[in-house]
Amino acid sequence: MGPANESKSMDNEEIQLITRARSGDDAAFARLVERHDARVMSLVRSVLGPGFDAEEVYQEVFLKVHRSLPEFRFESEFTTWLHRVAVNAALSRKRSLDRRRAKERVMDGDDDFFQSVPCNPWDDPENRQLRREILEQIERALETLPARQRTVFVMKHDQGLKLKEIARLLGIGEGTAKAYLFRAVETLRRVLEPYYQAGE
């Protein structure tokens, strides 16, 4: 299947770069990397979290892309395919932390977790100490989450992706993505329970 069947969201330059890179044009591949490197690095860092070498995984992603590019058949957007490679590479690095699986549960998934944080520090610019304290609690709690839960939460609330897109990038069902998100939010709310009580 050729470029003519590609999504309309791909511009002509990208289609040409992919076609040339698939034929062994290193300059074209370098240009593809330049177009997507910032987003890939951001995604890798978000999935890995602190304490991991994002640069190493970032390089691994583009090595895999270079090897697998001939398999790209223009049946999906290149960005979606690339991001899936990046997410899978980062998750593979964190697989040892994935200790438990979330059960299928229904969750709306459209709310903004940070807008529901108790004693919302974003509402009071002068309350910097409380802001730092809550953000530190959230960061610590995120580090304890299983890899899948943390990844779905970060992709939803940090990257701003919809659950449908998250599920597609991770290669899981949308219901499973909702379950991971539910478990992550549930854990964070337990950690922040003292702040909820203080705000009552």
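The values are calculated or read from the model by the stated rules, or taken from the named source; none is laboratory data. Keep in mind that what you see is a predicted model, and the values were worked out from it rather than measured. Here the Cβ is made from the backbone with ideal geometry for all residues, glycine too, and neighbour counts use every protein chain on show.
Okay, here's what the table says:
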{"item": "Hits in segment 29-75 (condition: hydrophobic (A, V, I, L, M, F, W, C) and without any contact (Cβ under 8 Å) to a residue 12 or more places away in the chain)", "result": "Ala30, Ala38, Leu63"}
{"item": "Every residue from segment 32-54 that is farther than 24 Å from Glu136 by Cα, surrounded by fewer than 15 Cβ atoms within 10 Å (Cβ to Cβ) and within 17 Å of the chain's Cα centre (by Cα)", "result": "Asp37, Ala38, Arg39"}
{"item": "Test: Leu17 is surrounded by 20 or more Cβ atoms within 10 Å (Cβ to Cβ) and farther than 30 Å from Phe153 by Cβ", "result": "yes"}
{"item": "Cross-chain or 6+ apart pairs with Cβ under 7 Å, segment 142-153 first and assigned by TED's automatic domain parsing to the domain that holds Ala179, then basic (Lys, Arg) and in a helix (DSSP H, G or I)", "result": "Leu142/Arg150; Ala147/Arg95; Gln149/Arg183"}
{"item": "Qualifying residue in segment 101-110 (condition: modelled with pLDDT of 85 or more and surrounded by fewer than 12 Cβ atoms within 10 Å (Cβ to Cβ))", "result": "no"}
{"item": "Members of segment 50-96 found to be of a type in the set (Ser, Thr, Tyr) and closer than 23 Å to Arg20 by Cβ, listed by number", "result": "Tyr58, Ser68, Ser76, Thr79, Thr80"}
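Listed here are the residues, each with its yes/no results for (1) out of contact with any strand residue (DSSP E or B) (no Cβ under 7 Å at 6 or more places or on another chain); (2) modelled with pLDDT under 85; (3) β-branched (Val, Ile, Thr); (4) part of a loop (DSSP other than H, G, I, E, B).
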site: Arg150; (1), (2), (3), (4): yes, no, no, no
site: Phe153; (1), (2), (3), (4): yes, no, no, no
site: Lys156; (1), (2), (3), (4): yes, no, no, no
site: Glu165; (1), (2), (3), (4): yes, no, no, no
site: Ile172; (1), (2), (3), (4): yes, no, yes, yes
site: Thr176; (1), (2), (3), (4): yes, no, yes, no
site: Tyr180; (1), (2), (3), (4): yes, no, no, no
site: Arg183; (1), (2), (3), (4): yes, no, no, no
site: Leu188; (1), (2), (3), (4): yes, yes, no, no
